[in-house]
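Reading through the structure tokens given below for one structure.
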Amino acid sequence: MKTIRKKEHILILGAGAAGLSAADAIRTASPDTPVTVVSGEKGRPYARMALPYYISGKIPLEGIMTREEKELARQGVTYIAGDPAAGIDIDRRRVVLRSNRKLPFDKLLIATGSVPEYPEMLAGTEAPGVSHLWTLEDARQIKRLAHEGSSVAVWGAGFVSFMAAKALAGHDRKVHLICRADRILRRVLDAEAADLVDRTLFEKDVLCLKNTNVEKVEVLKGGRKRVVLNDSSELTVDLFIIALGTKPNIAFLEGTPLAGKKGIEVDEYLETRIPGIYAAGDVAVVSDCVTGERITPALWSTAVMEGRGAGLNMAGARRRCDLALLMNVVDFGGYSAISIGHPLTKDAGAEVFQFTREEDRSYRRFVFKEDRLIGAIVVGACFDAGFFPMLIRRRVELTRDQKDALLRQPWDMASLLMSLPSLMQAKDLV
Amino acid sequence: MAGERVLYFDTKRCVGCHACETACKIENGISPGPKWIEVVQQVVPREDDGWTIEFMPLNCRHCTNAGCITACPAGAIGKRGDGVVLVNRALCIGCGECLQGCPFGAPQFGPGGLMEKCTLCAHRPAGSPTACEQLCPVGAIRSGTPQEMSLHKRSSYLITAIALSASQGR
Amino acid sequence: MISFNEKRCVGCYACQVVCKMEKGFPVGVFGITVLKGEEADENGVFRPVFRTSLCRHCTEAQCVRICPVRAITRDQHGMVVGTPEKCIGCRLCLLACPRSVPDFTGAQRVSKCNGCVERLQVGLQPRCVASCPTAALESVTRQELSEKKRRGYLEKRWERRQGTGTPSR
Ligand SMILES: Cc1cc2nc3c(=O)[nH]c(=O)nc-3n(C[C@H](O)[C@H](O)[C@H](O)COP(=O)(O)OP(=O)(O)OC[C@H]3O[C@@H](n4cnc5c(N)ncnc54)[C@H](O)[C@@H]3O)c2cc1C
Ligand code: SF4
Ligand code: SF4
Ligand code: SF4
Ligand code: SF4
């Protein structure tokens with residue numbers, strides 16, 4: 001007798017990096033599983049991290065779109081846009097959307113990304129031109145208001161604020177970066193690297209106000225904004241961009257056992273404590289591949305990897321995919337600063353090596369713990385940067401000679417690493 | 001290393017029937033194209049100025065200093081405690097560098113495009129013979145540790161020697 | 001694939017130069033890179049060794065998977081190609097590629113090897129392969145390379161046996 005196996009229906013919440021990578025992975029592993037992807041936002045899926053480049057005009061709107069609807073249909077993926085999940089009924093295994101539509105699932109992937117923090121003190125100042133840079137809607141608004149010669153203030157000194165400032169620099173715009181700390185990107189760059197980046201920012205006409213905070217923002221008649229700073233100076237700007245950090249987008253899970261403090265807790269296969277429900281991307285709490293700490297990295301690269309792993313696991317594989325490597329790149333035309341792993345570790349046992357090359361403003365910082373590279377910063381020349389992530393992620397143990405050789409030749413890892421004997425070996429063999 | 005298993009081939013016995021290739025394909029469900037073991041033939045001159053054909057089954061040698069492991073940029077290949085060199089296909093990205101690093105051309109790439117190769121039938125219970133060994137009609141393939149192989153060679157030498165002296169009536 | 005035999009490479013950098021000419025990459029950008037290292041031989045004498053960093057057009061190409069704007073894709077010939085106009089210069093591909101292959105022009109646009117498909121289609125070899133004076137680079141399928149190596153091994157084995165094993169007649 002032939003038994004007909006019921007096809008499991010997979011539901012994916014979120015059409016970002018993690019959600020779509022998962023859909024692709026499920027498609028390759030299991031071509032006929034029904035897959036539905038829900039996006040909270042209207043329109044086609046797009047790449048969030050490409051928004052700054054759309055604003056700066058480096059690529060057209062079309063360029064940030066990650067899928068055509070036709071393509072999704074060809075893949076056999078049902079796509080529901082503009083109807084975010086509002087709640088989840090775990091017992092009856094279904095998700096309730098804002099429109100009250102109910103979607104049943106056998107397996108569920110939560111990949112709803114993060115949401116930017118909105119400081120309470122700004123309550124009441126919501127107006128066009130006071131904005132995050134998070135969604136396509138935000139980006140459209142920013143692009144509309146940031147006309148030639150306009151003035152802009154960006155609040156925050158993290159990654160997104162930096163991207164926003166950089167995207168808006170030029171075209172006669174006055175761009176202020178308001179930064180509470182004494183330097184920018186302090187979580188990923190050290191003082192030396194930040195200084196080089198700073199110099200380059202300055203050349204691009206971005207004014208960086210350090211040790212400064214915002215006291216008050218008022219919307220003036222005519223739509224401009226007055227920003228009062230803690231040194232009681234004032235800025236009058238057309239556009240005020242808030243980028244003070246993000247948190248996992250799990251408000252709709254409130255009251256379920258899924259919502260954790262940091263995000264959604266998952267096991268090594270990205271499955272939550274409820275069987276059949278997975279999480280990936282910015283919402284998932286995963287392990288740092290260097291320290292083992294539980295973190296939400298909020299990065300594109302980790303979202304793609306986790307999405308793929310979760311997708312494969314949902315399609316029946318059992319693949320460990322909860323190890324995240326921190327990796328940030330900031331770039332200006334022809335010049336970039338890359339931070340990988342934990343270059344700023346406070347660990348007392350770590351050894352730090354720094355190298356500077358003035359002629360092309362290149363700088364490198366390597367951090368070793370015992371015989372392993374655990375972090376690196378690469379500023380300027382970076383053709384060999386691709387070798388570092390592997391060394392760090394795979395926890396490659398170097399011999400004394402190898403380590404010495406690396407430090408003797410800090411600007412050309414490629415030649416060196418390729419002529420070194422075996423550095424890596426798979427440990428989990430199948 | 002001492003306890004590592006290898007495949008041992010007796011080229012004098014191999015008749016080039018390719019049964020091992022078939023056995024391997026069936027055992028491991030290999031798609032068309034890749035050959036984890038392949039019988040390669042070579043024309044060699046004989047002492048009497050004629051020529052003869054020698055056959056040699058070639059699989060992965062599960063090297064101690066494996067070139068494939070050194071070459072793999074993804075760290076997808078490793079050596080198990082019992083010496084078997086295996087690839088973790090979840091880590092493999094299909095770049096083909098292992099094939100470049102292997103002196104024997106052992107790594108194979110099928111339609112899926114990821115590396116696959118002889119596993120010394122690692123899925124069978126420890127100590128069982130490999131599929132190719134089992135199916136070889138003339139006993140040209142044997143698996144075992146180098147010690148076992150040495151013992152095997154020594155004892156087969158003894159058998160030949162005894163048979164020889166018996167046939168010569170001594 | 002393009003196969004590189006390090007035993008044959010003499011480090012002339014011809015491939016690197018002609019690739020640049022063929023593709024018109026600007027200063028500092030390479031499609032194939034020859035890397036020079038040093039290795040001690042059995043007598044303890046250091047000799048230069050050459051390796052290449054060239055795109056493998058991987059099956060599970062990490063660069064393709066990670067690119068947020070699909071500026072690196074697999075084309076219909078199976079090659080992994082970059083589309084500079086679409087690139088935002090985020091360098092995620094560079095960090096994802098285990099060989100650090102993708103390179104960038106001054107405008108922060110990706111530029112990488114496309115396997116010279118346009119030449120392959122008219123029956124020519126990739127430019128780097130065609131220019132290699134020692135045939136260290138070859139354009140072969142993986143299955144061809146495997147066969148070649150298997151046969152090559154047998155031949156070497158035979159030669160060795162002859163050299164040492166055969167008594168003088
Ligand atoms: C301006 C900017 C620049 C960045 N630059 C970089 C960079 O250079 N490098 C880097 O590594 N990272 C960068 N990031 C971070 C990166 O974009 C994110 O980490 C990544 O997109 C996370 O992927 P995700 O799939 O988890 O979530 P997202 O890509 O954010 O996708 C979330 C999806 O969920 C949907 N959704 C939201 N709520 C719901 C709901 N309730 N129901 C259903 N669907 C919902 C959304 O519509 C969206 O489709 C940047 C982010 C920004 C904003
Ligand atoms: S694949 Fe080649 S190099 Fe690797 S263990 Fe087998 S024979 Fe040795
Ligand atoms: S093909 Fe796979 S196993 Fe071989 S070198 Fe590349 S990643 Fe490693
Ligand atoms: S660029 Fe790197 S990852 Fe991409 S296909 Fe080429 S070798 Fe593979
Ligand atoms: S640098 Fe360009 S090609 Fe590379 S991942 Fe980013 S957008 Fe894609």
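Coordinate-derived values only; no laboratory data. Here the structure is a predicted model, which means the values were calculated and not measured. Counting neighbours? That spans all protein chains shown, and the Cβs are built from the backbone with ideal geometry, glycine included.
Numbers for the structure displayed
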| quantity | calculated |
| --- | --- |
| Gyration tensor verdict on the stretch A:120-244 (Cα atoms; rounded if a/c is under 1.5, prolate if a/b is larger than b/c, oblate otherwise) | prolate |
| Lysines whose Cα lies under 22 Å from that of A:Lys102, excluding same-chain neighbours fewer than 8 positions away | A:Lys6, A:Lys7, A:Lys42 |
| Residue among B:Leu86, B:Leu158, B:Leu99 with the largest mean-square fluctuation in a Gaussian network model of chain B, springs linking Cα atoms under 10 Å | B:Leu158 |
| Inter-label distance, nm, simple model (7 Å from Cα along the C-beta direction), A:Lys42/A:Arg357 | 5.1 nm |
| Length added when fully stretched, A:Lys427-A:Glu192, from 0.36 nm per residue minus Cα-Cα | 80.9 nm |
| Volume of the Cα convex hull of the protein assembly as shown, divided per residue and given in Å³ | 210 Å³ |
| Degrees between helix B:19-28 axis and first principal axis of chain B (Cα, 0 to 90, nearest 10) | 30 degrees |
| Rounded Å value of the spacing that divides the Cα centres of the stretch A:192-244 and the stretch A:334-365 | 27 Å |
| Residues B:Ser165, A:Ser362 arranged by fewest to most Cβ contacts within 10 Å | B:Ser165, A:Ser362 |
| 17 Å cut-off, amide nitrogen to a point 7 angstrom out along B:His123 Cα→Cβ, residues in the stretch A:303-347 | A:317-318 |
| Where Rh is the Kirkwood radius over Cα pairs, Rg/Rh for the stretch A:272-351 | 1.06 |
| Inter-label distance, nm, simple model (7 Å from Cα along the C-beta direction), C:Val10/B:Ile159 | 5.4 nm |
| For the stretch B:43-73 versus the stretch A:73-135, the gap between their alpha-carbon centres in whole angstrom | 60 Å |
| Most mobile of A:Pro116, A:Pro45, A:Pro257 in a GNM of chain A (Cα contacts under 10 Å) | A:Pro257 |
| Label-point separation, A:Glu126 to C:Val140 (7 Å along Cα→Cβ), nm | 6.6 nm |
| Rounded D (µm²/s) - the stretch C:56-112, Kirkwood Rh over Cα pairs, Stokes-Einstein at 20 °C, 1.002 mPa s | 195 µm²/s |
| Under the Karplus curve 6.51 cos²θ - 1.76 cosθ + 1.60, θ = phi - 60°, whole-Hz ³J(HN,Hα) for the stretch A:181-198, x wherever Gly or Pro sits | 7, 8, 7, 8, 6, 5, 7, 10, 10, 8, 4, 4, 5, 4, 5, 4, 5, 4 |
| Residue exposure sequence - A:Lys369, A:Lys210 - by fewest surrounding Cβ within 10 Å | A:Lys210, A:Lys369 |
| Stretch gain in nm, segment A:Asn211-A:Arg408, where the contour uses 0.36 nm per residue and the Cα spacing is subtracted | 67.2 nm |
| Rounded tilt (10° steps) of B:146-167 against the dominant C-alpha axis of chain B | 20 degrees |
| Quotient of C-alpha Rg and 2.2 N^0.38 Å, computed over the stretch A:1-105 | 1.23 |
| Å³ per residue enclosed by the Cα convex hull of the stretch A:337-423 | 87 Å³ |
| Filter on A:Lys107/A:Lys427; B:Lys25/C:Lys112; A:Lys427/B:Lys35 - keep pairs with C-alpha separation over 28 Å | A:Lys107/A:Lys427; B:Lys25/C:Lys112 |
| Rg(Cα) / (2.2 N^0.38 Å) computed for chain A, rounded to two decimals | 1.05 |
| Burial ordering of A:Met65, C:Met21, fewest other beta-carbon atoms within 10 Å first | C:Met21, A:Met65 |
| log10 of Debye I(q)/I(0), alpha-carbon scatterers only, for the stretch B:44-155 at 0.17 Å⁻¹ | -0.93 |
